[in-house]
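Every number here is computed from the coordinates shown, using simple stated rules; none is lab data. Note that the coordinates shown come from a computational prediction; the quantities given were computed from them, not determined experimentally. In this analysis, Cβ positions are derived from the backbone assuming ideal geometry, glycine residues included, and neighbour counts consider all displayed protein chains.
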Amino acid sequence: MNPPGTIRVLWWAGAFLIAECGLMGFLMLHEAGLLGAPAWAVSIDFVSFYAAGKLALGGTPALVYDQAVHAMTEQQVSPTGGEYVFFLYPPVFLLICAPLALLPYRFAYTVFLAATLALFLVVLGDILGRGRRHWLIVALAFPATFWTIGMGQNAFLNAALLGGFLSLLDRRPLLAGMALGGLAYKPHVALLAPFALLATGRWRVLLAAAGTVALLVAASAWLFGLETWQAYLSAAAAADAVYTTGRINLVAFPTVMAALLMVGAPLPLAYVAQAGVIMLMIALVMILFRRGIARHLHYAALAAGTLLAMPVLSFNDQIIAVLAGAWLLRDADATPLRPWESAMLTFAFPAALLAPLVAEITRVPLGLAINVGVLGIATNRALAASRT
């Protein structure tokens, strides 16, 4: 039987989830024009993926990285004709985008979100273990779920692969490496993982990850041509212009670099600060993984540290914080959460929902504060456990 405190949390999470579903339903009806003519054109990230898939199927995959052509294709396939959404993924991601583009747009959108959400929930259920599956309601209520579905992003897939890698690490090392290698389409999600493997000498996992990356790169080069990779590398070299010239709203990025740029800091300072955070997170993960403490705390710290280390991170990517929370919940079986830890994790829910609005109005990076808070809990518990 669940204790009263758990039941209250589940009721609140359910109410929060219902409110988010109501808001999402309103936005979907608005986009479809069922509430009158839309007052604004809706841009979602999935249209970028779908347009890239169409270009790949049309025999011109290299043009995915030609912004003029890609933008025109987006306008042709978009039901709402929103603003241009950039495509800066490696050609490996076209292995997913191209099959989706075989389907009608809205059906492809639904299939992609449903499949990746299901995969994420399977991984999360495995992390939580038996007797804790009811906490999936809480995970679904976290606002990053709302942002991911609303934007048609790949955050569920990112979290599923990162979570699957860590969950399988001790049981199925080769599968864990394959899951890590699967992040080749978004490598900054796997930024800290190789250093955790180096710290613990897990060479088989590293080789499996490297082999998976090599296989995916070879498959994309064979299917889409080396010229597509050349076009991607040229686009990637100029990617900083996309993020630093106002073409993308920085309030959508809860990172140290974006926070500094929002308040007018010079670009070199923002780069140096983000690089410093990355080095700090690498050192922290390597230190913690070398300590003989419960693996749940290792994994929670790596997931939370990834959120701070990623130089490009949107609000939907904060679904990775749910992974950290799941492992903290496992650890709470042995060491109950302290009041301030429970309060901080509870505060993360409304804060994550309001963070874009707060950043837009006040330039206060509330989303970044959530990432710091989750990492603080994981690190504090890990250090405490290592002293006992």
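How large is ³J(HN,Hα), in whole Hz, for each residue of the stretch 120-125 in order, when computed from phi with the Karplus curve 6.51 cos²θ - 1.76 cosθ + 1.60 and θ = phi - 60°, using x for Gly and Pro?
Karplus values, whole Hz, x for Gly and Pro: 4, 5, 4, 5, 5, x.
Please label the shape of the stretch 159-268 as rounded, prolate or oblate, based on the square roots a ≥ b ≥ c of the eigenvalues of the alpha-carbon gyration tensor (a/c under 1.5 means rounded; beyond that, a/b larger than b/c means prolate, else oblate).
Because a/c hits 1.5 or more and a/b fails to exceed b/c, the stretch 159-268 counts as oblate.
Could you calculate the FRET efficiency of E227 with A115 from 1/(1 + (r/R0)^6), where r is the beta carbon distance between them and R0 is 41 Å, rounded to 0.05?
Computed FRET efficiency for E227 and A115 comes out at 0.85.
Of [x] 133; [y] 142; [z] 461, which is the value of volume of the Cα convex hull per residue in Å³ derived from the coordinates here?
Among [x] 133; [y] 142; [z] 461, the one derived from this structure is [y].
Mean-square fluctuation check for the chain, GNM, Cα pairs under 10 Å: which of G22, G325, G177 is largest?
Fluctuation is largest for G22.
Determine the gain in length on full extension of the stretch A210-A283; use 0.36 nm per residue of separation and subtract their C-alpha separation, reporting nm with one decimal.
Contour length minus the Cα-Cα distance gives 24.1 nm.
So the label point goes 7 Å from the Cα of V69 along Cα→C-beta, right? Which residues of the stretch 44-58 then have their backbone N under 18 Å from it?
Label zone hits: 48-58.
For the stretch 263-388, what is the relative contact order in percent, using Cα pairs closer than 8 Å and at least 6 residues apart in sequence?
32
Given a cut-off of under 8 Å on Cα pairs at least six residues apart, what relative contact order in percent is computed for the stretch 81-236?
Once divided by the residue count of the stretch 81-236, the mean separation gives 28 percent.
Given a 10 angstrom Cα cut-off, can you work out which residue in L162, L323, L267 is the most mobile in a GNM of the chain?
Comparing L162, L323, L267 in a Gaussian network model of the chain, the most mobile one is L267.
What FRET efficiency would be calculated for the residue pair L103, R172, taking the C-beta separation as r and a Förster radius of 22 Å, to the nearest 0.05?
Calculated value: 0.10.
If you stretched the chain out fully between L383 and T346, how much longer would it get, using 0.36 nm times the residue separation minus the C-alpha to C-alpha distance?
Using 0.36 nm per residue and subtracting the Cα-Cα distance, I get 11.1 nm.
Gaussian network model of the chain, Cα springs within a sub-10 Å range: biggest mean-square fluctuation belongs to which of R130, R295, R202?
R130
State the Cα centre-to-centre distance between the stretch 265-300 and the stretch 315-388 in whole Å.
If you average the Cα positions of each part, the centres end up 16 Å apart.
In whole Hz, what ³J(HN,Hα) sequence does the stretch 351-363 give by Karplus (6.51, -1.76, 1.60; θ = phi - 60°), x for Gly and Pro?
So the Karplus estimates, Gly and Pro as x, are 5, 5, 6, 8, 3, x, 5, 4, 5, 5, 8, 10, 6 Hz.
What number, in percent, do you get for the relative contact order of the stretch 158-226 if the mean sequence gap of Cα pairs under 8 Å and at least 6 apart is divided by its residue count?
33
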